[in-house]
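Colleague: My structure is below; once you've seen it, I'll send some questions.
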Amino acid sequence: MLAISIASVVNVSLNFLLIPAFKETGAALATLLADLVTCLACYFLAKKSARLLPSGKKLASSLLACLYVTGSCWNLSVEVDGSKKGEIFVKNRQKALVKR
């Protein structure tokens with residue numbers, strides 16, 4: 001409950017700051033950051049009572065993988081000069097995977 005309360009305060013505060021400037025994108029970013037705060041708060045609060053939490057290396061690699069997937073999805077939705085930038089990204093990733 002403490003983690004959700006902290007994240008709620010962060011979400012409302014960021015909404016006040018980001019929505020006037022970025023509209024829907026600001027609301028989405030505020031929610032994303034509030035969810036990240038929830039995740040981190042739960043991790044640090046649970047760390048005291050649970051011994052089965054992932055090590056720092058595992059957590060870092062998981063976060064990097066999440067960032068990679070997020071970047072890939074974002075690339076798929078961005079248009080550059082009238083063509084899908086993401087299509088080029090995915091084709092290059094597919095070529096790299098096939099070569100292995």
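The values are calculated or read from the model by the stated rules, or taken from the named source; none is laboratory data. These figures come from a predicted structure and were not determined experimentally. With ideal geometry, Cβ positions are generated from the backbone for all residues, glycine too; neighbour counts draw on all protein chains shown. Note: accessible area is taken over every heavy atom of the protein model, side chains too, but ligands, DNA and RNA are not part of it. Shrake-Rupley method; radii C 1.70, N 1.55, O 1.52, S 1.80 Å.
Colleague: Could you identify the single residue in K57, K47 that is more than 23 Å from I6 (Cα to Cα), open to solvent by 80 Å² or more (accessible area, probe 1.4 Å), out of contact with any Gly (no Cβ under 8 Å at 6 or more places or on another chain) and of a type in the set (K, R)?
Modeller: K57
Colleague: Follow-up. Go through (1) modelled with pLDDT of 90 or more; (2) surrounded by fewer than 12 Cβ atoms within 10 Å (Cβ to Cβ); (3) within 19 Å of the chain's Cα centre (by Cα) and name the single condition S5 misses.
Modeller: (3)
Colleague: Looking at A34, is it under 24 Å from T70 (Cα atoms) and either without any contact (Cβ under 8 Å) to a residue 24 or more places away in the chain or within 17 Å of the chain's Cα centre (by Cα) (or both)?
Modeller: Values: under 24 Å from T70 (Cα atoms): yes; either without any contact (Cβ under 8 Å) to a residue 24 or more places away in the chain or within 17 Å of the chain's Cα centre (by Cα) (or both): yes.
It is true that A34 is under 24 Å from T70 (Cα atoms) and either without any contact (Cβ under 8 Å) to a residue 24 or more places away in the chain or within 17 Å of the chain's Cα centre (by Cα) (or both).
Colleague: If you go through segment 84-96 one residue at a time, do you hit one that is of a type in the set (D, E, K, R) and at pLDDT 80 or above? Walk me through it before giving the result.
Modeller: Within segment 84-96, the first condition is being of a type in the set (D, E, K, R), and the residues that meet it are 84-85, 87, 91, 93, 95.
Narrowing further to those that are at pLDDT 80 or above: none.
No: segment 84-96 contains no residue that is of a type in the set (D, E, K, R) and at pLDDT 80 or above.
Colleague: Which one is modelled with the highest pLDDT, of the residues in segment 35-59 that are part of a loop (DSSP other than H, G, I, E, B) and of a type in the set (A, V, I, L, M)?
Modeller: Going through segment 35-59, the residues part of a loop (DSSP other than H, G, I, E, B) turn out to be 48-55.
Still in the list and also of a type in the set (A, V, I, L, M): 50, 52-53.
Working: A50: 70, L52: 61, L53: 57.
Restricting to residues being part of a loop (DSSP other than H, G, I, E, B) and of a type in the set (A, V, I, L, M), the top hit is A50.
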